[in-house]
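Contents: one structure, followed by commentary.
Read-outs: derived from the displayed coordinates by stated rules, not from any lab. Source: prediction; values computed, not measured. Counting neighbours? That spans all protein chains shown, and the Cβs are built from the backbone with ideal geometry, glycine included.
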Protein chains: 2
Amino acid sequence: MRRLEFWFEFGSTYSYLSVMRIEDLAARHDVTVEWKPFLLGAVFKAQGWATSPFNIYEDKGRYMWRDVARRAAKYGLEFHRLPHEGPARFPQNGLYAARMALVALEQPWGEAFCKSVFIAQFADGEDIGTQEKIDELACRHGAGSADIGAARSQRIKDALRVQTEIAVTKGIFGAPSFVVGDELFWGDDRLEDAIAFAVELP
Amino acid sequence: MRRLEFWFEFGSTYSYLSVMRIEDLAARHDVTVEWKPFLLGAVFKAQGWATSPFNIYEDKGRYMWRDVARRAAKYGLEFHRLPHEGPARFPQNGLYAARMALVALEQPWGEAFCKSVFIAQFADGEDIGTQEKIDELACRHGAGSADIGAARSQRIKDALRVQTEIAVTKGIFGAPSFVVGDELFWGDDRLEDAIAFAVELP
């Protein structure tokens, strides 16, 4: 059936790598990708973490920035480290971006919108945590006032909460994650394995 | 210079994958590998964890066993999940194995000994936490009573403690880790990148 669920969080550095790679990889292997934004912060909170473990564990955090920079260079992607403090701090607040993404992904410009949010954040060092910035990016892709209204609606707030709850029931604990049938793959470095599994699944 | 430090922990599932793969990969790229056993438990304790995070975080643990099984199959390696309880529980106590490894790695049979400990544990499901088992494996590779005495000596106890302290100063927070010059790579899935980096380093 060649269907893959792509679970990502807007504040996640490794999600950026997959967001920029998945369309091309999936197309080459004739795999259909369902984009599933969710809130990793809610999953972290359930594990007792008030922020990203990359901020809590200093060595792990230092390593992550270096690792993502190396991987981005390998893939030919621009990537800049965000500071811990300031408006464009790490991790950024991806709440409204995720709500808008749910609206956008019902339309043809959804995936392009998601990519532009990640590019604004990790290539251009911009703050993607404000409604103004997200509305602006969405409008550039063709969003109208109805879409902006939808992104702020109770329906979409509830939809994002439910989507995050579904992520937890699937055993997802980090981002990006890929689900093929009952099989879970975690991390940008498992994207190729997930695609290969989708191709082989009867 | 093509020199790579290979930091591993005897209780670590992902270290098993690298232990079984590194000799062939390094030989093919003419990279010299320095084997560095250390105690990951001491590093975990410094982060406030009393056991492996794979035991603390249930979803992450469930995922790890599945992920290592998939990777082992991909590499053609036998792999069996260890129970949480019992003599051969996860994680096993690799303290004495690491001490013997320090003795063994001063001799030509060191790497073969290390591999046989991992195979006993993860392919054959045996308990590698006892001195008897480790002595038996070492003797099979040619260890004599002087080696067994050395593995129990204060010199080697101190050497393992110092080795673990060096791991921390290098920013190592998990196993396996690979160090090439000042560059740190974490995880069996970064072994190829680490080798490539060693090849390119002037």
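Determine by what factor the alpha-carbon radius of gyration of the stretch B:28-90 differs from 2.2 N^0.38 Å, reporting the quotient.
Expressed relative to 2.2 N^0.38 Å, the Cα Rg reads 1.41.
Enumerate the residues in the stretch B:9-26 having an amide nitrogen under 13 Å from the point lying 7 Å beyond the Cα of B:V199 toward its Cβ.
Once the point is set 7 Å along Cα→Cβ of B:V199, B:25-26 turn out to lie under 13 Å by backbone N, inside the stretch B:9-26.
For the protein assembly as shown, what does the helix formula give at 222 nm: sum of -39500 (n - 2.57) over DSSP H segments with n ≥ 4, over the residue count, nearest 500 deg cm²/dmol?
Working: 20 runs with 214 residues, N = 404.
Counting only the DSSP helices, I get -16000 deg cm²/dmol.
Semi-axes, largest first, in whole Å: what does sqrt of 5 times each Cα gyration tensor eigenvalue give for the stretch A:140-202?
Semi-axes (√(5λ), whole Å): 30, 16, 11.
Translational diffusion coefficient of chain A at 4 °C, 1.567 mPa s, Stokes-Einstein with Kirkwood Rh over Cα pairs, in µm²/s as a whole number.
76
If we hang a label 7 Å off Cα along the beta carbon direction at B:N55, how far is it from the matching labels on the other copies, in nm, shortest first?
3.0
Closest to the A-onto-B rotation axis, which residue of chain A has its Cβ, and how many Å off the axis is it?
A:D189, 3
At q = 0.10, 0.12, 0.18 Å⁻¹, what base-10 log of I(q)/I(0) does the Debye formula yield for the stretch A:1-113 when every alpha carbon is treated as an equal point scatterer in vacuo?
Debye intensities relative to I(0), on a log10 scale: -0.34, -0.49, -1.07.
How do B:I119, A:I56 rank when sorted from fewest to most other Cβ atoms within 10 Å of their own Cβ?
Ascending number of Cβ neighbours within 10 Å: A:I56, B:I119.
So what is the relative contact order of chain A, in percent, for Cα pairs below 8 Å that sit 6 or more residues apart? Walk me through the numbers on the way to the answer.
On the way: 300 pairs, mean separation 67.4, N = 202.
Normalised by residue count, the contact order of chain A is 33 percent.
In chain A, what % of DSSP beta bridges are antiparallel (nearest 5)?
Antiparallel bridges: around 55 percent, rounded to the nearest 5.
Round to a whole angstrom and tell me the spacing of the C-alpha centers of the stretch A:102-124 and the stretch B:90-169.
51
Ranking A:D188, A:D124, B:D67 by Cβ neighbours within 10 Å, fewest first, what do you get?
Working: A:D188 25, A:D124 12, B:D67 21.
Going from sparsest to densest Cβ surroundings: A:D124, B:D67, A:D188.
A 30 angstrom limit on the alpha carbon distance is what I want to check against. Which of A:K115/A:K170; B:K45/B:K133; A:K36/B:K170; B:K60/B:K170; A:K60/A:K170 exceed it?
A:K36/B:K170
Distances from B:G149 to the same residue in each other copy, label points 7 Å out along Cα→Cβ, in nm, shortest first?
Those label-point separations list as 8.8 nm.
Can you tell me what the convex hull of the Cα atoms of the protein assembly as shown projects to on average, as an area in nm²? Before the final figure, lay out the partial values.
Numbers: hull surface 83.5 nm².
Mean shadow area of the hull around the Cα atoms is 20.9 nm².
Where the convex hull is taken over the Cα atoms of the stretch A:1-43, what is its projected area averaged over directions, in nm²?
On the way: hull surface 12.7 nm².
Its Cα hull, projected and averaged over all orientations, spans 3.2 nm².
Distances from A:H80 to the same residue in each other copy, label points 7 Å out along Cα→Cβ, in nm, shortest first?
Inter-copy label distances (nm, one decimal, shortest first): 5.4.
Might you report the magnitude of the Cβ-based charge dipole of the stretch A:64-109 about its Cα centre, with Lys and Arg at +1 and Asp and Glu at -1, to the nearest 20 debye?
So the magnitude is around 240 debye.
For a Förster distance of 51 Å, can you work out the FRET efficiency between the beta-carbons of A:K115 and B:V168, rounded to the nearest 0.05?
Efficiency for this residue pair is about 0.85.
So if I take the centroid of the Cα atoms in the stretch B:37-70 and the same for the stretch A:11-71, what is the distance between those two points in Å?
20
Which semi-axes, in whole Å and largest first, does the equivalent ellipsoid of the stretch B:53-116 have when worked out from the alpha carbon gyration tensor as the square roots of 5 times its eigenvalues?
26, 17, 10
Within the protein assembly as shown, what percent of beta bridges assigned by DSSP are antiparallel, to the nearest 5?
Bridges in the protein assembly as shown are about 55 percent antiparallel.
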